[in-house]
Amino acid sequence: MSNIEQTVAPVGIDKHRREDRSSSPARKSSGKLGERGMLLLSWLAPVVLVVVWEVLAQGGWLSPQVLPAPSKIIRTAFKLAATGSLLNDLGVSLLRAIAGFAIGGAVGFGLGTLVGFSRLAEAAIDRSVQMIRAVPFLAVLPLVIVWLGVGEAEKIFLVALGVTFPIYINTTLGIRQVDPKLIELGRVQGLRPFELIWRIILPAALPSILTGVRYALATAWLALVVAETIGAQSGIGFLAMDAREFLRTDVIVLTIVIYAVIGVAADAATRLLERRLLAWHPNYGGAR
């Protein structure tokens, strides 16, 4: 049982949470299919789409220059992996995304926490952050190139910039939406300010923060695609731009598939993190 659940358990909330969790409509509907059935159902539409795509391509309804068959894309992936170029470009892109996400996530969480707790900080910071957030990546890209050139720093900076805003907004929102009754309960029990933040406010804001992380993961790859189209010598974006020069549609589609697979894997990892960190929460503890 987490710290926040220990704090609110004396008023009977834990009992109601268990009852709500077991009787929720989502819980009942998932129980009919089972966990494995729900997993298979989630993959049904993508599998059907790939099968239809393969049938249309093999039947000649789709031109190989427009949209090659999935089987051809798989063969291309094996050929590029055998030469080592695909794994090298994938590794470079992952390192850029991880570095940018770490920097942008730390900045976004720090600013969001500061603004969430302080109206003075909101007045001083929030308007400027919102103005910068409204600027598209392509508009700021020329200035970033002037500042940092077309090396690794430019690409990591763009990823960090894109990651900062979803985490900042959702961290601020999560802190502001904490139930005042929980804060008052913590004060009644004699929690000091730091304990109040650590044991009540941040755990209660965690669902919103993790939602920001999920959005930030998608934005990180979007920013990286933009960054790797300019002056890159390696990476998945560079692989796509190089394939465009030679009209290699199969390689271009392969890079799109790689982005999609990475996005699904990152989202699945975040969902797993939600289930671990929010096991006490009635809307997340039983989620799959």
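Here, each number is a calculation from the coordinates, and none is a lab measurement. All of these numbers come straight from a predicted model, not from anything done at the bench. Here the Cβ is made from the backbone with ideal geometry for all residues, glycine too, and neighbour counts use every protein chain on show.
So the values come out like this:
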quantity	calculated
Order of Thr83, Thr164 - criterion: other Cβ atoms within 10 Å of each residue's Cβ, fewest first	Thr83, Thr164
Within region 212-242, backbone nitrogen closer than 14 Å to the virtual label 7 Å beyond the Cα of Leu94 toward Cβ	235-236
Packing-based exposure ordering (other Cβ within 10 Å, fewest first) of Lys155, Lys181	Lys181, Lys155
Extension gain from Leu44 to Arg192, taking 0.36 nm per residue of separation minus the Cα-Cα distance	48.2 nm
Karplus 3J(HN,Hα) series, Hz, for region 87-101 with 6.51 cos²θ - 1.76 cosθ + 1.60 (x for Gly, Pro)	5, 5, 5, 5, x, 5, 5, 5, 5, 4, 5, 5, 5, x, 5
Whole-percent pair-distance distribution, where bins are 10 Å wide, for the alpha carbons of the chain	6, 21, 25, 23, 16, 7, 1, 0
Choice from Leu86, Leu143, Leu277 showing the highest fluctuation, given a GNM over the chain with Cα pairs closer than 10 Å	Leu143
The chain: calculated mean residue ellipticity at 222 nm from DSSP helix runs of at least 4, using -39500 (n - 2.57)	-25500 deg cm²/dmol
Around Lys155: net Lys/Arg minus Asp/Glu count, Cβ-Cβ under 14 Å	-3
Pair Ala218, Ala279: separation of 7 Å Cα→Cβ label points (nm)	2.9 nm
Order of Val92, Val66 under a 10 Å beta carbon neighbour criterion, fewest first	Val66, Val92
